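Asks: Sharing a structure below in structure tokens format, with a few things to ask.
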Amino acid sequence: MFQGDRWADAFLAACRTSGGDCTVEALDALKAFIPPLSHLSSRISGVNDAIRLEKILRSALGSSGTGQGTEYALRFVVLLVRKGQTKYLNEALQAVEQRIDAKNGVVSVNVESIRPLDTDLQEKIKAGLKKRYGARDVRLAFQIVPELLGGYRLRIGTELIDSSLKGQIQKMARELHVSAASDGGY
């Protein structure tokens, strides 16, 4: 079983012990590696593939990839390849990003709605979440989910805030069912 949290912790510890904190540069480099890796076969693993992959990624970075954070990100990806864990790169990236966000007081929120939310509503959601979580900033990621019928759902880690029409209908149905059961039926 892949343990993304442990990989993320080890990666960030390496970035922080390098005589400075290069975590933001390393995170940006990891994000830059996703497109070239997605074009490669998901079955790359082992030392030979890791060596070839390192050359591909270095050439994709060009002269912009010369910092210490970039080097750590490259080594991290190569290690995932050597260990045959390449398919978990997105999971590891997400764990790294969550830890950096937590350290910087940023709350990441997945917003599900039937259509894009207008700017005013986005700002109201951000303000409410900043207050609720004591966050410095809120990062919203959007997903269109037509079956919500209206409203929106917010996913913050394992927490779900459901302000969708579908959620309200389901809540009413549960309450009616509980009420009918306690009354002995209709």
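Values in this text are rule-based calculations from the coordinates and carry no lab data. Please read all numbers here as calculations on a predicted model, not as lab measurements. Backbone-built Cβ (ideal geometry, glycine too); neighbour counts: all protein chains shown.
Asks: Straight-line reach from Lys83: which aspartates and glutamates have a Cα under 13 Å away, not including same-chain ones fewer than 8 places off?
Replies: Counting by Cα, and skipping residues close in sequence, Lys83 has these aspartates and glutamates nearby: Asp49.
Asks: Residue by residue through the stretch 120-134, which ³J(HN,Hα) values in whole Hz follow from phi under the Karplus form 6.51 cos²θ - 1.76 cosθ + 1.60 (θ = phi - 60°), with glycine and proline marked x?
Replies: 4, 5, 4, 5, 5, 4, 4, 4, x, 6, 4, 5, 5, 9, x
Asks: Would you be so kind as to identify which of Val145, Leu160, Ser108 lies farthest towards the positive end of the dipole of the stretch 105-182, taking Lys and Arg as +1 and Asp and Glu as -1 on Cβ and the Cα centre as origin?
Replies: Of the candidates, Ser108 comes out farthest on the positive side.
Asks: To continue, here is another question. Name the residues whose placed amide hydrogens come within less than 5 Å of the amide hydrogen of Arg139, ignoring near sequence neighbours (fewer than 5 apart) on the same chain.
Replies: Placed amide hydrogens put Val107, Ser108, Val109 under 5 Å from Arg139.
Asks: Name the lysines eligible as straight-distance cross-link partners of Lys103: C-alpha to C-alpha under 16 Å, and not fewer than 8 places from it in the same chain.
Replies: Output for Lys103: Lys130.
Asks: How far, in degrees from 0 to 90, does helix 165-182 lean away from the longest principal axis of the Cα atoms of the chain, to the nearest 10?
Replies: Around 50 degrees separate the two axes.
Asks: In degrees between 0 and 90, to the nearest 10, how far off the longest principal axis of the chain does helix 23-38 point, with axes built from Cα atoms?
Replies: Its long axis makes an angle of about 90 degrees.
Asks: With the Cα gyration tensor of the chain in hand, convert its eigenvalues to equivalent ellipsoid semi-axes via √(5λ) and list them largest first in whole Å.
Replies: Taking √(5λ) for each Cα gyration eigenvalue gives 41, 20, 16 Å.
Asks: Can you give me the angle between helix 4-16 and the longest principal axis of the chain, using Cα atoms only, in degrees from 0 to 90, rounded to the nearest 10?
Replies: Long axis of 4-16 versus the principal axis of the chain: about 50 degrees.
Asks: So if R0 is 30 Å, what FRET efficiency would Ser182 and Glu159 give, r being the distance between their Cβ atoms, rounded to the nearest 0.05?
Replies: With R0 = 30 Å, the Cβ-Cβ based efficiency is 0.55.
Asks: Compute the distance in nm between two label points, each set 7 Å from the Cα along the Cα-to-Cβ direction, one at Gln168 and one at Phe2.
Replies: Each label point is offset 7 Å from its Cα along the Cβ direction, giving 3.9 nm.
Asks: Per-residue ellipticity at 222 nm for the chain, helices alone: DSSP H runs ≥ 4 residues times -39500 (n - 2.57), over residue total, nearest 500 deg cm²/dmol?
Replies: Mean residue ellipticity at 222 nm (helix-derived): -19500 deg cm²/dmol.
Asks: Compute the FRET efficiency between Arg136 and Arg58 as 1/(1 + (r/R0)^6), taking r as their Cβ-Cβ distance and R0 = 35 Å, and round to the nearest 0.05.
Replies: Efficiency, rounded to the nearest 0.05: 0.50.
Asks: If I stretch the segment between Asn90 and Thr119 completely, what's the gain in nm (0.36 nm per residue apart, minus their alpha carbon distance), one decimal?
Replies: 7.6 nm
Asks: Check which residues have an amide H placed less than 5 Å from Ser163's amide H, if you skip close sequence neighbours.
Replies: Amide H to amide H, under 5 Å and 5 or more residues apart or across chains, Ser163 pairs with Tyr152, Arg153, Leu154.
Asks: Excluding same-chain residues fewer than 8 positions from Lys31, which lysines have a Cα within less than 17 Å of its Cα?
Replies: Lys87
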